[in-house]
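Taking it in order: structure first as structure tokens, then the write-up.
The values are calculated or read from the model by the stated rules, or taken from the named source; none is laboratory data. The structure displayed is predicted, hence computed values, not measured ones. Here the Cβ is made from the backbone with ideal geometry for all residues, glycine too, and neighbour counts use every protein chain on show.
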Amino acid sequence: MTLAPGVQEPCTSDTSHQCPTETVPYVAPRHEILCRERRAKAASSVDLSKAKRVVGVGRGLAAQDDLKMVHELAAVLNAEVGCSRPIAEGENWMERERYIGVSGVLLKSDLYLTLGISGQIQHMVGGNGAKVIVAINKDKNAPIFNYADYGLVGDIYKVVPALISQLSR
């Protein structure tokens, strides 16, 4: 069984049970392993798994420049910005470290505000650890609303500026 980091707290050792073990000798691969490239991992200033508040953005965002309003909303909320896989890996608009989902970060935040995220299960495996999920999506049938504690059917291009205006007061 494989678990993603942070999913399960470490268990205490139970020495009352024993199982058979077998030592298997190492066998070198038949083919030489060739390293084609080495790149230093970019230093990320954020660990979304430890953030108290996260604003997540998905394909509902039309252009990379629109991330400015997302970052502005996050600043007002004192939150970090995360994203769905297509934003990080498909569009390359955000760093991979900000990707929330089964192959990305698993949130444990107090608040997860989603903007234009449909709510596919692969994403929600990462987002479901938040205590409160607020979803904003223009598609009233988006799966995200099945996970959200609070949902608003609306265009993020109208809702986000209004939120920024109200929360900045």
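Just one residue in the set TYR112, TYR99 is closer than 21 Å to VAL153 by Cα and of a type outside the set (Gly, Ala, Ser); that residue is TYR112. For region 34-55, a tally of residues being at pLDDT below 80 and exposed (fewer than 10 other Cβ atoms within 10 Å of the Cβ) returns 6.
Matching residues to (1) of a type in the set (Ser, Thr, Tyr); (2) within 20 Å of TYR99 (Cβ to Cβ); (3) without any contact (Cβ under 8 Å) to a residue 40 or more places away in the chain:
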| site | (1), (2), (3) |
| --- | --- |
| GLY116 | no, yes, no |
| MET124 | no, yes, yes |
| GLY127 | no, yes, no |
| ALA162 | no, no, yes |
| ARG169 | no, no, yes |
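Selection of first residues in region 58-78 that are modelled with pLDDT of 95 or more and of second residues that are charged (D, E, K, R) and surrounded by fewer than 16 Cβ atoms within 10 Å (Cβ to Cβ), restricted to Cβ pairs under 9 Å at least 6 apart or on distinct chains, gives the following pairs, ordered by first then second residue: ARG59/GLU91; GLY60/LYS138; GLY60/ASP139; GLY60/ASP155; LEU61/GLU91; GLN64/GLU91; ASN78/LYS52.
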